[in-house]
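S.K.: Encoded as structure tokens, here's the structure I'll be asking about.
Just so it is clear, none of the values below were taken in a lab; they were calculated from the coordinates. If you're wondering where the values come from, they're calculated on a predicted model, not measured in any experiment. For neighbour counting, all protein chains shown are included, and Cβ atoms are generated from backbone atoms with ideal geometry for every residue, glycine included.
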Amino acid sequence: MSKTPVRYRHIAGFTLLVTYIVMLLGAYTSAIGAGLSCPDWPTCYGTWVPFLQPEIITNSPYSALQIFAEWAHRGLAMTAGVLIVGTTVGAWVTHRNTPIVKWSATAALVLLPLQVILGGLTVTEDLQPIIVTTHLGVAILILLCLLTTCLVAYLRR
Ligand code: HEM
């Protein structure tokens with residue numbers, strides 16, 4: 001059994017936390033009716049940072065808060081994506097002898113592109129219920145994979 005490096009446990013824990021916050025922000029976006037407040041994808045009103053052009057916010061039928069929630073959900077999801085890549089690479093480097101850590105992190109990484117595509121389809125297909133529901137389902141699977149990675153990494157330290 002390999003000794004878990006302190007840093008890896010912390011990276012895995014941080015990735016879990018950020019992914020959880022992405023999910024909460026997604027639920028908030030949905031709850032305030034902001035799912036289509038960025039009507040295009042991957043950009044938002046044809047730009048990466050709509051807040052740099054105040055006329056976009058003024059002319060939108062959505063409030064600044066709604067646009068911010070959807071935009072922040074996408075942005076934080078990108079950060080979570082980078083962290084998931086790092087967590088998976090880290091698992092293979094530091095946990096060569098702990099298959100559950102390696103493979104649960106890898107499963108999260110495999111689900112990630114699917115989740116990004118589903119997120120895009122959520123917007124381009126006008127919040128079709130089956131797509132929104134699948135987006136939520138895959139999010140839960142990713143969180144479960146990361147929770148497994150994190151818990152086992154902590155327990156094996
Ligand atoms: C790590 C990646 C992601 C995770 C874990 C995630 C998770 C979630 C969750 C849990 C919800 C709430 C679902 C609900 O309440 O039914 C949500 C909503 C949403 N997500 Fe994501 N998401 C991710 C990436 C993306 C991306 C890249 C987009 C790109 C556009 C996106 C677009 C949306 C939209 C538009 C909603 C609101 C749907 C609605 O109004 O009902 N998501 N997301």
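S.K.: Using the Cα atoms as the points, what is the convex hull volume per residue of the chain in Å³?
M.R.: Working: hull volume 15.5 nm³, N = 157.
About 99 Å³ per residue, rounded to a whole number.
S.K.: Another one. Dividing the Cα radius of gyration by the Kirkwood radius, what Rg/Rh value follows for the stretch 6-81? Walk me through the intermediate numbers first.
M.R.: On the way: Rg = 14.3 Å, Rh = 13.2 Å.
The Rg/Rh ratio comes out at 1.08.
S.K.: While we're here: Which whole-angstrom value gives the distance between the alpha carbon centres of the stretch 20-52 and the stretch 73-111?
M.R.: Answer, in whole Å: 24.
S.K.: Check the chain for me: any Cys whose beta-carbon has no other cysteine beta-carbon within less than 4.7 Å?
M.R.: Cysteines of the chain left without a disulfide-compatible partner: 145, 150.
S.K.: Among 130, 67, 84, which one moves the most in a GNM of the chain with springs linking Cα atoms closer than 10 Å?
M.R.: Most flexible of the set in this elastic network: 130.
S.K.: Determine the gain in length on full extension of the stretch residue 52-residue 97; use 0.36 nm per residue of separation and subtract their C-alpha separation, reporting nm with one decimal. Display every interim value, and only then the final one.
M.R.: On the way: separation 45, 0.36 × 45 = 16.20 nm, distance 4.85 nm.
Length difference between fully extended and current span is 11.4 nm.
S.K.: Which ³J(HN,Hα) values in Hz, rounded to whole numbers, follow from the phi angles of the stretch 55-67 under the Karplus curve 6.51 cos²θ - 1.76 cosθ + 1.60, where θ = phi - 60° and Gly and Pro get x?
M.R.: 5, 5, 5, 5, 7, 7, x, 9, 7, 4, 5, 4, 5
S.K.: 7 Å from Cα along Cα→Cβ at both residue 21 and residue 125: what's the point-to-point distance in nm?
M.R.: 3.0
S.K.: Can you pull out the trypsin sites (Lys or Arg not before Pro) in the stretch 42-104 whose DSSP state is coil and whose Cβ has at most 11 other Cβ atoms within 10 Å? Each step should come with its number before you reach the end.
M.R.: Numbers: sites: 74, 96, 102; in loops: 96.
Passing both the DSSP loop test and the Cβ count: 96.
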